[in-house]
Amino acid sequence: SGLRIYNKEPNNWFHLLLVLGAAFIVKLLIAASYEGHGTDMNCFSAWSDMIFHDGFWNFYHSDAFTDYPPGYMTLLWGVGALRSIFGLDIATGMGRCVIKLIPILFDLGAGVLIYQIAKRKFSESSSLLLSVTYVLNPVVVLDSSAWGQVDGVFTFFLLLVCYLCMEKKRIPAYFAFVAGVLIKPQMLMFAT
């Protein structure tokens, strides 16, 4: 009878939230246990403090090494606020978790987008399985939770652009693309 374009089965958010909650706990445990990539963790720690205490204008005019665009620095402002309020040091498990929180949350957001995209053609259980396969993929967990890298943030915006294009929401997709570029310039590879 032809290929089904849209799955009419309703979303079961309870199961997805359960999966994402479990993945969040696993990711936080790993984040607290591993120091992460030393150079990047030290940069993210210093940048979060600088951007929070000195503001955006002074951040890019300082003599410090700053090679990330303003999109990710905006996210690090929140990390700097949390670190300042709670006095969190990067040498502690909680301090590492807070710095790695951004990529962890964006990994989970990517899991939601994968679920939403999959629900267009697949069953609830298959869509959940695809979401879990991403959020608990050993490479994804290693990248964000253990090393503290921000590739998952970039991946989220790439998936968001795909999702919005599939929904024929071109203008929001353009804005999501620009946000992705402001997070990581590598997003430009997908401009064509």
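Would you mention how many residues in segment 168-185 are hydrophobic (A, V, I, L, M, F, W, C) and open to solvent by less than 60 Å² (accessible area, probe 1.4 Å)?
Matching residues across segment 168-185 total 6.
Of the conditions (1) of a type in the set (Gly, Ala, Ser); (2) modelled with pLDDT under 90; (3) in a loop (DSSP other than H, G, I, E, B), Gly55 clears all except one; give me its number.
Every listed condition holds for Gly55 apart from (3).
Tell me yes or no: at least one residue of segment 96-116 is open to solvent by 10 Å² or more (accessible area, probe 1.4 Å), of a type in the set (Ser, Thr, Tyr) and either assigned to a helix (DSSP H, G or I) or at pLDDT below 95 (or both).
no
Checking the conditions here, which among Glu9, Glu35 is at pLDDT below 90 and either among the β-branched types (Val, Ile, Thr) or closer than 30 Å to Thr133 by Cα (or both)?
Glu9
Val135 - would you say it is β-branched (Val, Ile, Thr) and crowded, with 17+ Cβ neighbours inside 10 Å?
Yes; evaluated as a whole, the condition is true for this residue.
Given Thr74, Thr39, which one is open to solvent by 80 Å² or more (accessible area, probe 1.4 Å) and assigned to a helix (DSSP H, G or I)?
Thr39
Show the residue pairs meeting these rules: Cβ distance below 6 Å; 6+ apart or different chains; first residue within segment 59-76 and under 14 Å from Ala46 (Cβ atoms); second residue polar (S, T, N, Q).
Note: pairs meeting the criteria are Leu76/Ser48.
Output yes when any residue across segment 39-55 is among the β-branched types (Val, Ile, Thr), touching a helix residue (DSSP H, G or I) at 6+ places or on another chain (Cβ under 6 Å) and under 23 Å from Ala146 (Cα atoms), and no when none is.
For segment 39-55, residues among the β-branched types (Val, Ile, Thr), touching a helix residue (DSSP H, G or I) at 6+ places or on another chain (Cβ under 6 Å) and under 23 Å from Ala146 (Cα atoms): absent.
Which pairs turn up if I take residues in segment 118-141 that are in a helix (DSSP H, G or I) and look for partners that are of a type in the set (Val, Ile, Thr) with beta carbon separation below 7 Å, at least 6 apart in sequence or on another chain?
Leu128/Val19; Leu130/Ile114; Ser131/Val19; Ser131/Ile114; Val132/Val19; Tyr134/Ile114; Tyr134/Val140; Val141/Ile30
Within segment 79-95, which residues are open to solvent by 30 Å² or more (accessible area, probe 1.4 Å) and either of a type in the set (Asp, Glu) or part of a helix (DSSP H, G or I) (or both)?
Leu82, Ser84, Ile85, Phe86, Asp89, Met94
The values are calculated or read from the model by the stated rules, or taken from the named source; none is laboratory data. In this text, all values refer to a predicted model and were calculated from it rather than measured experimentally. When we count neighbours, we look across all protein chains shown, and the Cβ atoms used for this are built from the backbone with ideal geometry, even at glycine. SASA here: full protein model, heavy atoms, side chains in, ligands and nucleic acids out. Shrake-Rupley method; radii C 1.70, N 1.55, O 1.52, S 1.80 Å.
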